[in-house]
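Q: The structure under discussion is supplied below as structure tokens; questions concerning it will follow.
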Amino acid sequence: MPDEDDMQSLVVRLRTIEQERDAWRARCDGLTGERDEERATARRLRGSGSYRLGRGLVTLARDPMWLMRRARRAVPPRRATVKRPLPARLYVAIGLDLPTLREFVQTVRRLVLVVPDHRAVVLTDNPEFSLLRKAGLILEYLPDRQTWERHRPDHPWDVVLSERLSRLYTEHGATRVSFVDPEKPPTLPQMLDTTPPVRESLQQS
């Protein structure tokens, strides 16, 4: 049986262990509080604009393409839009000499610039039509009646003209055909008028 001195030593040691335990508990509680404060500080820091800006600058410095990739992901994809071409209008300018044809082509070009509601296709029988290519219009050529009949008398020129108009009408998706008076081609004000003095054949596609 332990004597009184041994019992006293055990009591002292037990108290010492309890004190050390309490000290460790207090220390752990203090560390837990510090941890919670650090976590709260970190959350506030991450939520601040300065932190986000600084982090973004660091990321951008490490990877310059990061911002572009992120912006590309953030932008919703755009739907492809198909732009329909403007309807075409056929201008049959048969029998015009080169100066008159040039003036008419320039008139049509100004018309399209003022009222851009159609694409202009000019059919001419003037062999020098290629000199007007820079006008920005679509120029189509058909040999004049005399030249055609001299080389192809078996196929009437009027039929050829009709066939050519039908093909151009289909190829260009035309909605209107205008026949120009070679003696008096229309001026721009006349073409802008609601009742221009131009003999027209309207066709619906």
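The values are calculated or read from the model by the stated rules, or taken from the named source; none is laboratory data. A quick note: this is a predicted structure, and the numbers were derived from the prediction, not measured. Cβ sites come from the backbone with ideal geometry, for glycine too, and all protein chains shown count toward neighbours. Note: accessible area is taken over every heavy atom of the protein model, side chains too, but ligands, DNA and RNA are not part of it. Shrake-Rupley method; radii C 1.70, N 1.55, O 1.52, S 1.80 Å.
Q: Is it the case, given these coordinates, that V114 is closer than 15 Å to A174 by Cβ and touching a residue at least 24 places away in the same chain (Cβ under 8 Å)?
A: Working: closer than 15 Å to A174 by Cβ: no; touching a residue at least 24 places away in the same chain (Cβ under 8 Å): yes.
No: the conditions fail for V114.
Q: Before we move on, is A61 outside any loop (DSSP other than H, G, I, E, B) and modelled with pLDDT under 90?
A: On the way: outside any loop (DSSP other than H, G, I, E, B): yes; modelled with pLDDT under 90: yes.
It is true that A61 is outside any loop (DSSP other than H, G, I, E, B) and modelled with pLDDT under 90.
Q: M68 passes all but one of (1) open to solvent by less than 80 Å² (accessible area, probe 1.4 Å); (2) modelled with pLDDT under 70; (3) not charged (D, E, K, R); which number fails?
A: Only one criterion in (1) open to solvent by less than 80 Å² (accessible area, probe 1.4 Å); (2) modelled with pLDDT under 70; (3) not charged (D, E, K, R) is unmet by M68, namely (1).
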